[in-house]
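First up is the structure itself, then whatever we jot down about it.
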């Protein structure tokens, strides 16, 4: 009976994590480049010879599947079509990775994120440039007054990881590398789409279905816990 209580309790805790995770996904439905998180479960088994089931444990992982692209018409908004990340550097010299390609220029024309993180390729838009164009391969070009000729001014790389699931989520849609993620490598398999941003990959219908299942499982485990507690009470009364 104690085992039933332990199993039910771990089930309740796991399903609460699922409910919290789904709620967070739904709250970020309209967050650009947001990657939904999901829970994986595994059984907890006693390490002695009994192999007795003790409950379940949970692990959160990020779904890096591509979200839909939405046009913004802004020349410094970039979306990635395919796998990979933009590489930026913060004020402390730390390199971070993101799929949110909304950039602006500083006072010298260098591309940076709205948080102030600069592209590591140090792309600089000249002050007198009349337009900026980014090819799908990341080549950055500009035109100047009195001419429609595009001149190359830099490049934007897309970097990929052998195991993106190993990346550590930072804040604001940025990620840190870990030993599990491996080192970043430039990829030529993905494309840059100028004038667009990647939307969240959260599917509201799917999340609502998962929420209903999680709530149902939570209620079932709560019922098991309640019944087990009542039976233990009866047993204790019989012993008196």
Of the conditions (1) out of contact with any strand residue (DSSP E or B) (no Cβ under 6 Å at 6 or more places or on another chain); (2) modelled with pLDDT of 95 or more; (3) more than 26 Å from residue 141 (Cβ to Cβ), residue 67 satisfies every one except a single condition; which number is it? (1)
Check off (1) part of a strand (DSSP E or B); (2) exposed (fewer than 15 other Cβ atoms within 10 Å of the Cβ); (3) modelled with pLDDT under 95 for residue 56 and give me the number that stays unchecked. (2)
Within segment 102-110, does at least one residue satisfy the condition of being under 15 Å from the mean Cα position of the chain (by Cα) and either in a strand (DSSP E or B) or farther than 22 Å from residue 69 by Cα (or both)? no
Considering only segment 193-210, how many residues are more than 17 Å from the chain's Cα centre (by Cα) and either within 29 Å of residue 134 (Cβ to Cβ) or surrounded by 17 or more Cβ atoms within 10 Å (Cβ to Cβ) (or both)? 5
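For segment 119-204, which strands (runs of 3 or more DSSP E) that fit wholly inside it have 1 or more residues that are farther than 20 Å from residue 78 by Cβ and assigned by TED's automatic domain parsing to the domain that holds residue 97?
174-176
Determine which member of the set 120, 177 is surrounded by 13 or more Cβ atoms within 10 Å (Cβ to Cβ) and within 30 Å of residue 13 (Cα to Cα). Reasoning before the result, please.
On the way: 120 fails: within 30 Å of residue 13 (Cα to Cα).
Every option except 177 fails the conditions.
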Which number in (1) within 30 Å of residue 27 (Cβ to Cβ); (2) under 20 Å from the mean Cα position of the chain (by Cα) marks the one condition that residue 179 misses? (1)
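The values are calculated or read from the model by the stated rules, or taken from the named source; none is laboratory data. What you are looking at is a predicted structure, and each value in this text was computed from that prediction instead of being measured. Using ideal geometry, Cβ is built from the backbone for each residue, glycine included, and neighbour counts are taken over all protein chains shown.
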